[in-house]
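The values are calculated or read from the model by the stated rules, or taken from the named source; none is laboratory data. What you see is a predicted model, and the numbers here were worked out from it, not measured in a lab. Heads up, the Cβs are rebuilt from the backbone with ideal geometry, glycines too, and the neighbour counts pull from every protein chain shown.
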């Protein structure tokens, strides 16, 4: 018999570089709960009043979308809210907000020129983020064992005055152990670490390899797709690896 998923503790912190995460209720209070918790995080980020208002609006829309289109017909609902910072690829940090739900498919919601599954609320998200939003397959953070589903996200730039403190060990071997632990927590327990002259390598036996070097994580899939992120972005690296594993053919 398969082991049922249970809710575990809530790692609700953002200021030290970690990922804040909390479960969301499967009822009409979901937007209010999501908005309240995100609002409590924002004062330390140096955001303008307008940015704060925009974030609260978009968080409400993500949560409402998870309730309307991410509630399974059978099985646990399990919506979660995730918030963290990452590099935007252009030398600046950005705030990332994701709503996870346990419906893996991106459900269409009517005809029109919008992206598949994009309702009126997600049109608001697209407008306010200038298109910096999306969705991808993922796994839960707060359930043991982790369950499969998808994450819908948006990102906004943060002021230059915001500096992340390093919550993670940035030396290659230690960062590799931390990343391996994060992947196991998400149910990806096939990765095997191997120490080498150039750093530690994680391989999953299906063609995905992650190199943990002095200052960066690099990865390559069986198909040849590659990626690189600085070690301080270990949260985003874990997200990318989870997405790659969930997107790969069985």
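Structure data summary
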read-out	value
Verdict on residue 240 being under 22 Å from residue 148 (Cα atoms) and at pLDDT 95 or above	yes
Residue, nearest to residue 191 (Cα to Cα), within region 205-223, restricted to residues that are part of a loop (DSSP other than H, G, I, E, B) and at pLDDT below 95	205
Scan of region 173-204 for residues that are surrounded by fewer than 16 Cβ atoms within 10 Å (Cβ to Cβ) and either part of a strand (DSSP E or B) or in contact with a strand residue (DSSP E or B) (Cβ under 7 Å, 6 or more places away or on another chain) (or both), ordered by number	173, 192, 193, 194, 195, 196, 203
